[in-house]
1. In nm, to one decimal, how far is the residue 134 label point from the residue 3 one, both placed 7 Å along Cα→Cβ?
2. How much FRET efficiency would the formula 1/(1 + (r/R0)^6) give for residue 150 and residue 101, where r is the Cβ-Cβ distance and R0 is 35 Å, rounded to 0.05?
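Please treat every number below as a calculation from the coordinates, not as lab data. Because the structure is a prediction, the values reported are computed rather than measured. So basically every Cβ, Gly included, is an ideal-geometry build from the backbone, and we count neighbours across all protein chains shown.
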Amino acid sequence: MTAILKTIGFGAWACIVALGAAYMSATWNPGVTVEAVRTEHKLEGLEFRKPAAITVPMVSDGRLRGYVVAKITFTANAKDMHSFPIDPQPFVLDEAFRRIYTDGKVEFDHMSKYNLGEMTAAIKKAVNTRLGVDLVDDVLIDELNYVDKETIKQADARAAH
């Protein structure tokens, strides 16, 4: 009988310690507040938009060579975005498409890296210029992939069988 009482007492003691530790960890403040973190990062009030991926054809010497598939995310002040009369998303996708299509960095025998910082800055600047207001805060690249035409043909052939 004493073994059962000891087990129950130990269980109750463990529960009290666990609850106390949970309470202390939730209320303990090391001097950093959530507001300070938000102010420091300046992300408060930003809205993220993730449009569908775009597929950009890569043409060289008058022939289709493949496609660049890009997923773009952009941010803007939520208040400004909701009060703006039109959705900026089509403009962001259009500028991304134009930038990738006309960039000239895709050489099919010799692939080179895109300067993503330059690309996203150019997209942001062009969108804000077209809209006539600094609405888009940042443009982010989620994915940027190249698929050559032969790979697509092989995948279609396998799917047909």
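1. 7.5 nm
2. Working: r = 20 Å, r/R0 = 0.59.
So, using R0 = 35 Å, E works out to roughly 0.95.
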